[in-house]
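The values are calculated or read from the model by the stated rules, or taken from the named source; none is laboratory data. Everything quoted here is computed from the prediction, not taken from an experiment. As a convention, Cβ positions derive from the backbone with ideal geometry for all residues, glycine included, and neighbour counts pool all protein chains shown. Ligands, DNA and RNA are stripped out before the accessible areas are found, and what is left, the full protein with its side chains, is counted by its heavy atoms. Shrake-Rupley method; radii C 1.70, N 1.55, O 1.52, S 1.80 Å.
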Amino acid sequence: MEEIWSFIAQDNPDEAGQFINRPESQITTLERFPEKCPLIPENEILGTRYRHLLYGSYRSVFRITGKTVYVLRIVHGARLLDSSMFED
């Protein structure tokens, strides 16, 4: 989120702040119904069962373990994921 904010803030700091609030609000909806979000297309390549929440040009990629949702990445929707995005 910080990288996205910095990128948007270069042109419009106010819009950057407003943008950050939108995905954060949507991410909180995952507490109740995370399964409502579709599986990501890259699952077959990555060997995962990640899902994503879409908003505007961005998506939050997450996984569900038991009753816990882990948001892994927030990326531009045009970017395809690869395993290097999830290495620590």
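Rolled with a 1.4 Å probe across the full set of protein chains, the surface gives Ser57 an accessible area near 70 Å².
Ignoring ligands, DNA and RNA, what percent of the 1.4 Å accessible area of region 1-82 is carbon and sulfur? Heavy-atom surface of region 1-82 belonging to carbon and sulfur, 1.4 Å probe: 51 percent. Seen against the Cα atoms of the chain and their longest principal axis, helix 13-28 is set at about 20 degrees. Charging the Cβ of each Asp and Glu at -1 and of each Lys and Arg at +1, and nothing else, the dipole of the chain about its Cα centre rounds to 520 debye. Over all distinct Cα-Cα pairs of the chain, the Kirkwood formula returns a hydrodynamic radius of 13.8 Å. When the chain is described by a simple charge dipole with +1 on each Lys and Arg Cβ and -1 on each Asp and Glu Cβ, the residue from Ala9, Ile74, Pro38 located farthest towards its positive end is Pro38.
Summary value for the chain: 18 percent relative contact order, contacts being C-alpha pairs under 8 angstrom separated by 6+ residues.
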